[in-house]
Structure formats: C-alpha cells, structure tokens
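First comes the structure, then the notes that go with it.
The values are calculated or read from the model by the stated rules, or taken from the named source; none is laboratory data. Since the structure is predicted, the reported quantities are computational estimates derived from the model, not experimental observations. Positions of Cβ are generated from backbone atoms using ideal geometry, with glycine treated the same way; all protein chains shown enter the neighbour counts.
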Amino acid sequence: MAKTTTRGRGSGSPTRHTMTAAARAAARRAERAERGPATAVGKVSPVAGRTVVIEPPDGWDDPPEPSPEDFDEDAPDGSAGGGSRRGLRTALLCVLLVAGLVAVGVLGAHYRQGVRAEQARAQALTAARKAAPVVLSYDHRHLDRDFAAARARLTGKFRAEYARTTRTVVGPTARKYDGVVRARVAEPAGGAAAASVVSASADEAVVLLFVNQVTRSTQVTGSRVDLNRVRMTMTRTSAGWKVSAVDAL
C-alpha cells in the first residue's frame, strides 16, 4: 500500500512564500518613500526628479489676467504707464508755459498803460492850462472870434453845449452890457501855476485849476475879480487833448 502525500494550501515552499512577502513589503516601503509625507490638504511635497501637480485649496480665486492697457510699449525703460506719465508731464509744462506767457502779457500791458497814463498826466495838464484862459474869456468887441477860438479847444457834447450857451445867453448879455472877461490861471508866489491832475488814464484826465477872472461891464463899477476853482476834464483826440467838460467848484 502506497503512502499518500499531503500538501498544504498554495504552491511553493515556505521559503519561497517568505521571500515573496518580503519583496512585497519592500516595494510598499519604496512607494511610500517616493510619495513623501502630506504637507497640506490636497497638496504633496515635491520630490526631486518628479512632476507634482498641486491642487488649489478650497476658496482660492485666480488673480485677474492683465489687460493690454496695463503695458506701455512706448515706455523707454519698459515700465508700464511710462508714456502716460510722460504725456502728463508734457501737458503740465504746456500749461505752465501758457500761464507764464499770459502773466508776462498782462504785466506788459499794465506797464504800458502806466507809462501812457503818466504821459497823459503831463500832456493833459499842459493842455488844460492853455485852454482855460481861452475857454473862460471873451470880449464883447469880438465875440465871434473869441467863441470860435474857444470851440477849437473843445470836444464832444461839451462843444455843442458851449456853442448853444454862448449864442443864446453869453453873447447877447455881453453885447448889451459891454461885457469883458479875462481869465488867468493863478500863479502863487514862486511862479508855479495852481493846477494839478486829479486822475488820469491813457486817454482821459481830470485837472483842477485855480482861475482868476476879471470882469468889466456897464453893470459893474470898476473891475470885479472872481477867484474860481475849475475842474476840467481833458480827453485825448486825434487832434490832441481837448476839453470835454468844465465844472465850477
């Protein structure tokens, strides 16, 4: 009777089973070593020689992509917005240049006006001192000549007003009473005429004069002397400075 041989489950010897188990354990340890320890949720530390894909954590928003306007191709140093800053500086320089030119023009205009006003003061004062004796004097023996000489020194509405007054009032009265009036700008001790400029611009000036008038007529015994203060407004015309108003003060 032959012996019956009994084999355990599985194939191979116990030594082969032991070697197979050891190889599997070593492979699992090597695989864990390659993966490395987890550093964060959904994130693994990179291992040299491997490409690792990192998943973003929950709530992460990608930054906005830059637009073409964020970059300036004309910037000499390659920085964004360089052209815009250069354009702004140019605009500011232009504004400052225009403002400077305007300021220079305004100052120049004021200076020219000041010079013209100063010249007007002297010219108007001289014209008023010469006009006062002519405008404020007359003689009944040659009224037409005297009134014509006076009108030549007048301008504007005052010229027309003078012509009307001398024709309707002064002339008839002078003829009736043989009136003679001689006017002269007062000259105090020292010889300077008593006249001064109250105000002046380039084309107009107001002059204050002290005028002595000597009047003779059949209505007056002897001569009468009137000490008057007269304000004359002088206006520049194409023919020189003329009297545009006379007010007795």
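The residues listed here are THR155, THR166; of these, the one that is over 52 Å from the mean Cα position of the chain (by Cα), of a type in the set (Ser, Thr, Tyr) and crowded, with 18+ Cβ neighbours inside 10 Å is THR166.
Would you pick out the residues in segment 207-223 that are among the β-branched types (Val, Ile, Thr) and loosely packed, with under 15 Cβ neighbours inside 10 Å? Let's see the steps before the verdict.
The first filter runs over segment 207-223 and keeps only residues among the β-branched types (Val, Ile, Thr), leaving 207, 211, 214-215, 218, 220-221.
Passing the criteria: VAL214, THR218, VAL220, THR221.
Of everything in segment 163-222 that's part of a strand (DSSP E or B) and charged (D, E, K, R), which residue is farthest from LEU249 (Cα to Cα)? Spell out the reasoning first.
Let us first name the residues in segment 163-222 that are part of a strand (DSSP E or B), namely 180-185, 195-200, 204-216.
Right, trim to charged (D, E, K, R) and you get 182, 184, 204, 216.
Numbers: ARG182: 19, ARG184: 16, GLU204: 20, ARG216: 22 Å.
Among those that are part of a strand (DSSP E or B) and charged (D, E, K, R), it is ARG216.
Restricting attention to segment 179-221, the residues being in contact with a helix residue (DSSP H, G or I) (Cβ under 6 Å, 6 or more places away or on another chain) and of a type in the set (Val, Ile, Thr) number 5.
Annotation note: of GLU187, GLU161, the sole residue that is surrounded by 13 or more Cβ atoms within 10 Å (Cβ to Cβ) and modelled with pLDDT under 95 is GLU187. The requirement of being touching a Lys or Arg at 6+ places or on another chain (Cβ under 9 Å), surrounded by 12 or more Cβ atoms within 10 Å (Cβ to Cβ) and more than 20 Å from ALA149 (Cβ to Cβ) is satisfied by VAL197.
The single condition from (1) assigned to a strand (DSSP E or B); (2) touching a helix residue (DSSP H, G or I) at 6+ places or on another chain (Cβ under 9 Å); (3) of a type in the set (Lys, Arg); (4) surrounded by fewer than 15 Cβ atoms within 10 Å (Cβ to Cβ) that LYS242 fails is (4).
Counting only residues that are surrounded by fewer than 22 Cβ atoms within 10 Å (Cβ to Cβ) and in contact with a helix residue (DSSP H, G or I) (Cβ under 6 Å, 6 or more places away or on another chain), segment 124-138 holds 1 of them.
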